[in-house]
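Everything below concerns the one structure shown next.
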Amino acid sequence: MNSRGWLAIGIITIMTSACVEQDSQTLINTGGLDNDRSFNWNIPANYPLPVVHADNPISEEKFQLGRHLFYDQRLSGPANFSCASCHRQELAFTDGLAQAIGATGQKHPRSAQALVNIAYNASVNWGNPTTVTLEQQAPIPLFNEFPVEMGVNDSNQAQVLARLQAEPRYQRMFKAAFPNETQPIHFANIAKALASFERGLNSFNSPFDQYEAGNQFAITQAAKRGMNLFFNEKTECFHCHGGMNFTLSSFDRSQSFADTEFFNNGLYNLDGKGKYPDGGEGIFEITGKPEDMGRFRPPTLRNIALTAPYMHDGSIESLDAVIRHYMRGGRHITTAVNAGDGRANPYKSGFVRPFDLSEQEIADLREFLESLTDDSFINNPRFANPWAE
Amino acid sequence: MRRLILSSLLWPAGLLAHSGETHDNLELEPTAQLQIGAMFSATAYSAQATDVHGLWRIPGLLMGGEALPNAKGAQVDDAHLWARYQWQPNSAVYAAVGTHAGHTELSLENLYLDYQPAKFEKLNLAAGLMDARFSPNASSHPSERQFVETSLLAEAFWGGSIHDLGLRLDWQAHPQLKFGVELHDGDFFPASKGEGAQVLFAQTEQQLQELKLKAGIWGLQAQAVQRGDERYQTGHSHSSSSFTPPDVRFTGKSALMGLWLTSSLPLSETLQAGFDYEAVQAKAEGELSETNYQAAYQAKHLGYTLTPNLQYGAWNLSYRFEKLSLDNRLIGAGAAVLAQDANLLNTAQPQRQTLQLAWQANKNLLWRAAYTQDDTLAQADERFSVGLVWQQLLHEY
């Protein structure tokens, strides 16, 4: 009886133990979201893709249509101006001016932004927490009145559409991009196509990227020293310009929500209480909160050597001057216009504080920033003017 | 001679005495009105199981609660003072204060009321701050169990030991069969405070000639909202490590099922063989999240503990084999990041083996020495320990 009891226990244990073993494993499924790698993103496989909104799935047809529109002067009111007038490929899609000039000659209070990896931007524009998608942004330069950029308005928009209707390429391309629509040539689709083109403008092939990928010789020794300075608590650059896009304000498919980040980096202090010049007050213009005065999105530093002059108003002319700006912990303006001590701006981020660098170190840091220039990006025929072909 | 600690204490109290905690070894007078006792365990360890950061985070497992390894060196595993006051034949109150591993502060461990309705003698109700009793491993103190180290099952699946605000209803359906329900507030892993946990169990006690057998099956479900691994988060200083693991949170349901048995058989006048076993399946379903990331999470974890032992006079030699297998699935955009941050990437089956020799010096004092081969972390680890256990009935009236 006893032995039978033991036998029973033995059998139970063996049976259940056999059932209580399996392979240990952790399976990861990123939701099948990665399968539209079939689109030519110019994004290496080891980087997550940017988010694409469900109402505007990416396609090569939309990208190509957007590219044609981006380079088409007929899209502007006076038919003399295109997006590319202010966003030039050879300058990483900036214009080289401190402040942009629109189709009617009006000066924009801001500097034209580089269009580099903007698909990842957590918010769009220099300082705007409310515009978060490229689809929302595209109509702005088209219809903007203060200042006028492309100069499209109520009285000429039918004319603008008629110009596009008349172009045989567009007849074909709009149909291909929006196959389910019978009348696809309208502004909502123009915005979608422009946004799709912009999403494809990705740059991940700078010497720095090649160095990251394992090519020890892709960047100079000076750039390597500069890199160490950049990713260092002394300069704090990486705090705001960190991550794969050299900006905190980056959002991709592996993240569940976007951090829209804005900082005041001590450019101005007109009244001693933190005031920035009118038209350049950062997200304060939208939120009206005093602490938001002068807060802007940290821009990507990819291709930064191509996009001078710098800052939202183009008020710093060179990379050397930008580095010296941060070394002083802000900018002290003593001349009459915009005079004030930005170093003492009460809303300045705590990460912007004075530090010392030798002349050699300044040169090293600049050389590192220059190693972020991606020649294949500015020379990529895929991003070039299609009307010239 | 009555054994103090060994295996007898592994038995859920309710089966032996109709209710109350497991102090039967002290030959308590069932009619006594007031009993006060103390118990204490101290051990010295040659090493501590830790990963490269100095933490005990088993790869593949979301851990929590009080699942902490013993520190290297000598430490008080636990020290407890308990009292049981019975003012009517069918009502008693039980209280215990104590310290446990790594903590020096005294805390209230138990305070509950035990009540047997006069009309339904087969029912027993307990309410208050109490230990879970659905399995011998559900809740135990080093000073009342066979091995000083908490079983791996308990560490992995319910954060070491469960004592929580709750309610337990037992029904002695038959002299050899008992059913019970436990409702807990949820202040223990894998639940989160206030979200609740519910247990159902059935236990039986059999005597087949010389062979004594107790066995039970149980099921537990628990809810959690934003449950983090509190063991190593800032403010909770369980390690000297400066590394704080990423704060990954779990929201969802856990469902656990277990089966256990303990048995003993006299082989001769002085020699007795024993065998204890428990197997558990723990499933979890919900969501993992971190500041910026989230992913759906499903886990099926299995584990078991096998403990053969031999008792010779005052000597007891026991061996414990413990093994886990951990299957996790993460689905969603944040899956890769979260799997990494939650330390889930793993293909190993964590296991641990312990060989222990214990000697009952007298009725109140027990010595134990153990060797443990610990393969719960990526890096295997071995340690020795020597310790003593003291239990005393201080007052009985």
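The values are calculated or read from the model by the stated rules, or taken from the named source; none is laboratory data. Every value quoted in this text rests on a predicted model; they were computed, and no experiment measured them. Cβ sites come from the backbone with ideal geometry, for glycine too, and all protein chains shown count toward neighbours. Remember, those area values only see protein heavy atoms, side chains included, never the ligands or the DNA or RNA. Shrake-Rupley method; radii C 1.70, N 1.55, O 1.52, S 1.80 Å.
In the neighborhood of B:Leu177, defined by Cβ-to-Cβ distances under 12 Å, what is the net charge if each Lys or Arg adds +1 and each Asp or Glu adds -1? The answer is +1.
GNM on chain B, C-alpha springs below 10 Å: top fluctuator among B:Gly258, B:Gly228, B:Gly332? The residue that fluctuates most here is B:Gly332. Give the distance, in whole Å, between the Cα centre of region B:326-397 and the Cα centre of region B:59-92. Computed from Cα coordinates, the inter-centre distance equals 15 Å. With Cα atoms as the point set, the radius of gyration and Dmax of region A:60-203 evaluate to 14.5, 43 Å. Both chains summed, the buried accessible area for A and B stands near 3100 Å², from protein heavy atoms and a 1.4 Å probe.
Seen from every direction in turn and averaged, the convex hull around the alpha carbons of the protein assembly as shown projects onto 43.2 nm². Where in region B:284-301 is the amide nitrogen less than 18 Å from a point lying 7 Å along the Cα-to-Cβ axis of B:Gln226? Inside the label zone: B:286-295. Ordered by 1.4 Å accessible area with all protein chains kept, A:Thr130, A:Thr220, B:Thr204 run largest first as A:Thr130, A:Thr220, B:Thr204.
Give B:Lys178/B:Lys212; B:Lys214/B:Lys323; B:Lys193/B:Lys283; B:Lys122/B:Lys323 a once-over and call out the pairs whose C-alpha atoms are over 28 Å from each other. The answer is B:Lys122/B:Lys323.
Relative to the longest principal axis of the Cα atoms of chain A, the long axis of helix A:221-230 makes an angle of roughly 80 degrees.
Counting only protein heavy atoms and using a 1.4 Å probe, the accessible area of A:Ser203 comes to about 0 Å². Note on exposure: A:Lys234, B:Lys193 ranked by accessible area (1.4 Å probe, complete protein assembly) read B:Lys193, A:Lys234, with the most exposed listed first. Set the Förster distance to 22 Å, then compute FRET efficiency between B:Ala361 and B:Leu310 from the Cβ-Cβ distance, nearest 0.05. Here the calculated transfer efficiency is 0.75. Sorted from greatest to least, the principal axis extents spanned by the alpha carbons of region A:207-376 come out as 50, 42, 28 Å. What separates the Cα centres of region A:218-233 and region B:125-185 is a distance of 59 Å.
All C-alpha to C-alpha distances of chain A, sorted into 20 Å bins beginning at zero, yield P(r) values of 25, 51, 16, 6, 3, 0 percent in whole numbers. Given a 1.4 Å probe and the protein chains as shown, B:His80 ends up with an accessible area of around 10 Å².
Computed over protein heavy atoms with a 1.4 Å probe, the accessible surface of region A:207-376 works out to 43 Å² per residue. Accessible area per residue (1.4 Å probe, heavy atoms of protein chains only) ranks B:Tyr112, B:Tyr319 as B:Tyr319, B:Tyr112, with the largest value leading. Of the chymotrypsin sites (Phe, Trp or Tyr not before Pro) found in region A:154-239, those that fall in a DSSP loop while having at most 10 other beta-carbon atoms within 10 Å are A:Phe217.
Dividing the mean sequence gap of close Cα pairs (under 8 Å, 6+ apart) by how many residues chain B holds gives a relative contact order of 17 percent.
Charging the Cβ of each Asp and Glu at -1 and of each Lys and Arg at +1, and nothing else, the dipole of chain B about its Cα centre rounds to 520 debye.
Quick check: net charge around A:Leu161, other residues with Cβ under 12 Å of its Cβ, Lys/Arg +1 and Asp/Glu -1? Spelling it out: positives minus negatives among the neighbours equals +1.
Lysine pair count for chain A with Cα-Cα distance under 13 Å and sequence separation of 8 or more or different chains is 5.
Helix-only arithmetic for the protein assembly as shown: the sum of -39500 (n - 2.57) across DSSP H runs with n ≥ 4, divided by the residue total, places the mean residue ellipticity at 222 nm at -5000 deg cm²/dmol.
The portion of the accessible surface of chain B made up by carbon and sulfur, rounded to a whole percent, is 58 (1.4 Å probe; DNA, RNA and ligands excluded). A full extension of the chain between A:Glu60 and A:Thr335 corresponds to an added length of 93.9 nm, given 0.36 nm per residue minus the alpha carbon distance. Given in Å, the Rg to one decimal and the Dmax to the nearest whole number for the Cα atoms of chain B are 20.7, 66.
What order, most packed first, do the peptides B:376-382, B:347-353 have when packing is the mean number of other Cβ atoms within 10 Å of each residue?
Values: B:376-382: 15.6, B:347-353: 17.7.
Going by the mean number of other Cβ atoms within 10 Å, highest first, we get B:347-353, B:376-382.
In this simple spin-label model, placing a label point 7 Å from the Cα along the Cα-to-Cβ direction at both A:Phe231 and B:Leu271 gives a separation of 6.5 nm.
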